[in-house]
Amino acid sequence: MAISRRLLLSLFLLRAFSSLPAQAAARGASHPSGTSGNYGSFLRNLLQDNPMIMEELVRGYMSNSELEIAVHAFGSRCPNISRIYSIGKSVNGVALWVIEISDKPGQKEAEPAFKCFVGTFDRKLYSHMWNIFNVNYVGNVHGDEPVGREVLIKLANWLCDNYLKDPLATLIVKNMHLHILPTMNPDGFALRRRGNANNVDLNRDFPDQFFPNNDEINYRQPETRAIMNWVKQEHFTASASLHGGALVANYPWDGSRDQSKQYYGCPDDKTFRYMASVYSQSHYNMSLSKEFKGGITNGAFWYPIYGGMQDWNYIHGGCFELTLEISDVKWPKAAELPVIWEHNRMSMLNLAASLVKTGVHGRIFAADTGHPIPGSLTIKGIGSEIRASRTYGDYHRMLAPGENYEVMASMEGFRTKATRIVVEEKAVSLDFVLDRDGANGLIRNDLGCPCDDDKLFHVQGARLELYLFVLFIIIALYVLFKRKTTSKFTIHRHSPKRPIAV
């Protein structure tokens, strides 16, 4: 009996440990280890590093120092449309450099546009200013998948060389802030292994919706914390991370509630499938895949992972992220990089351009003041929301084209407004003007100061009575002083003249 209990306990522990997030297979393996399902005939075992990365394979790839030089050289060559900045450092102190590409890099800019207003100006065209949205590309999440770092430098240089010459390059530079992080894991690249310097898989290090005990930020790797702070600061609309070891566009969810291998779509499944298809259909041969129908796959249906970056981005950053596997081989020879770049170039450009051309974008205002407010935007039937920015009240919501949507804007202290839109092959510009609901309408500005409407000082309750009493005392003292002064002056003017002694 005791032996049976111990056996059952051992089997239970074995099953529990086999289902932990760290044990899930990871994107970007190089060797198949089994077959299962229609979409994922390769169930990849990526817990092992890429075997024997010989010096011959490394030759032709930029080292970390050479990559840093290339990033700064780009900034010097294209200063009018770029900004170079760092979001933090790796475990070994290597800076995580970002290239921002825009016609106004580093600026919180606004562009004129004609909008459909919902609220006070319901369904009237009105010209005003609104923010351009942010997008990012991230490479080299896994140290032994270096293709992304090389391709992203080529993308940056192509945009610089073709701005104002090619319509697609011009569209991207003028209508978005594209942030490019060539390497998230420079230490892993230098060590020729998947994990970072602490041998942690960075694509398992993010908070996960199914594993709440994975939420303590103090236990995050420095590279992970840098990405999390970056996403929250920049308010990205969409993102893509570049991996290697397969040829497919992967979309959320990456895991399932019961940890089984199944199709587990997120609330915006239709929009994600559209975005993934834009990339796949624009690729040289991704959409022709025999392994993945149409060259796209739901992550949990391919194989579940937990603690991934794309699910965290979507849940906590309101950012629509794809995981792009852009090379069948994790670490191809450097001679193959120009071909891989050409096969992925139109996909990367068209995915970025599609973010400008589709969805719904606009701002949320308070009706009584006309000031922007950081409200929330939801779509009826889709269980997710995005928040407008605190500074400009601007929002950017990705939606699959060819559909009708009921769009709702809300904020505490205001009445919710809703309207129906049709999203076609062009983005819908839609602003909301919200009325206060009569409750406490106190909001906070970016300095953290409580402000109501456009008043500089906000006084309420018992404090108002105190201020009025003090004001009354001041006025009474002023009147009394004025009367005494006037009385003395009058007596002096009308006093009899003294005779002059001679």
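Miscellaneous remarks
- Scoring residue 323 on the criteria (1) in contact with a helix residue (DSSP H, G or I) (Cβ under 9 Å, 6 or more places away or on another chain); (2) in a helix (DSSP H, G or I) leaves a single failure, condition (2).
- Residue in segment 347-367 that is farther than 16 Å from residue 423 by Cβ and in a loop (DSSP other than H, G, I, E, B) present: yes
- Subset of segment 326-341 [assigned to a helix (DSSP H, G or I) and touching a residue at least 40 places away in the same chain (Cβ under 8 Å)]: 334, 335, 337, 340, 341
- Residues considered: 301, 320. Of these, the only one that is in contact (Cβ under 8 Å) with a residue 24 or more places away in the chain and more than 30 Å from residue 389 (Cα to Cα) is 301.
- Among the candidates 313, 350, 344, the residue that is in contact with a Cys (Cβ under 7 Å, 6 or more places away or on another chain), touching a residue at least 40 places away in the same chain (Cβ under 8 Å) and under 25 Å from residue 175 (Cβ atoms) is uniquely 313.
- Scanning segment 360-399 for residues that are of a type in the set (Lys, Arg) and either surrounded by 21 or more Cβ atoms within 10 Å (Cβ to Cβ) or in contact with a Phe, Trp or Tyr (Cβ under 7 Å, 6 or more places away or on another chain) (or both) yields a total of 2.
- Options 333, 357: the member that is surrounded by fewer than 18 Cβ atoms within 10 Å (Cβ to Cβ), over 21 Å from residue 232 (Cβ atoms) and within 25 Å of the chain's Cα centre (by Cα): 357
- Considered as a group, the residues in segment 174-186 that are surrounded by fewer than 24 Cβ atoms within 10 Å (Cβ to Cβ) and part of a helix (DSSP H, G or I) include one that is nearest to the chain's Cα centre (by Cα), and that residue is 175.
- Exactly one residue among 244, 295 is at positive phi and in the same structural domain as residue 323 (by TED's automatic domain parsing), and that residue is 295.
- Any hit, segment 49-58, residues being modelled with pLDDT under 95, closer than 23 Å to residue 156 by Cβ and surrounded by fewer than 18 Cβ atoms within 10 Å (Cβ to Cβ): yes
- Considered as a group, the residues in segment 400-424 that are part of a loop (DSSP other than H, G, I, E, B) and among the hydrophobic types (A, V, I, L, M, F, W, C) include one that is surrounded by the most Cβ atoms within 10 Å (Cβ to Cβ), and that residue is 411.
- Residue match in segment 143-154 (condition: at pLDDT below 95 and over 27 Å from residue 107 (Cβ atoms)): no
- Only one of 364, 379 that is touching a Pro at 6+ places or on another chain (Cβ under 8 Å) and of a type in the set (A, V, I, L, M): 364
- Filter result for residue 198 (in a loop (DSSP other than H, G, I, E, B), surrounded by fewer than 21 Cβ atoms within 10 Å (Cβ to Cβ) and touching a residue at least 60 places away in the same chain (Cβ under 8 Å)): yes
- Residue list for segment 265-292, restricted to those being of a type in the set (Phe, Trp, Tyr) and either assigned to a helix (DSSP H, G or I) or buried (at least 17 other Cβ atoms within 10 Å of the Cβ) (or both): 272, 274, 279, 292
- For segment 61-103, the set of residues classified as outside any helix (DSSP H, G or I) and among the β-branched types (Val, Ile, Thr) consists of 84, 87, 91, 94, 98, 99, 101, listed by residue number.
The values are calculated or read from the model by the stated rules, or taken from the named source; none is laboratory data. For clarity, every value in this text was computed on a predicted model and none was experimentally measured. Using ideal geometry, Cβ is built from the backbone for each residue, glycine included, and neighbour counts are taken over all protein chains shown.
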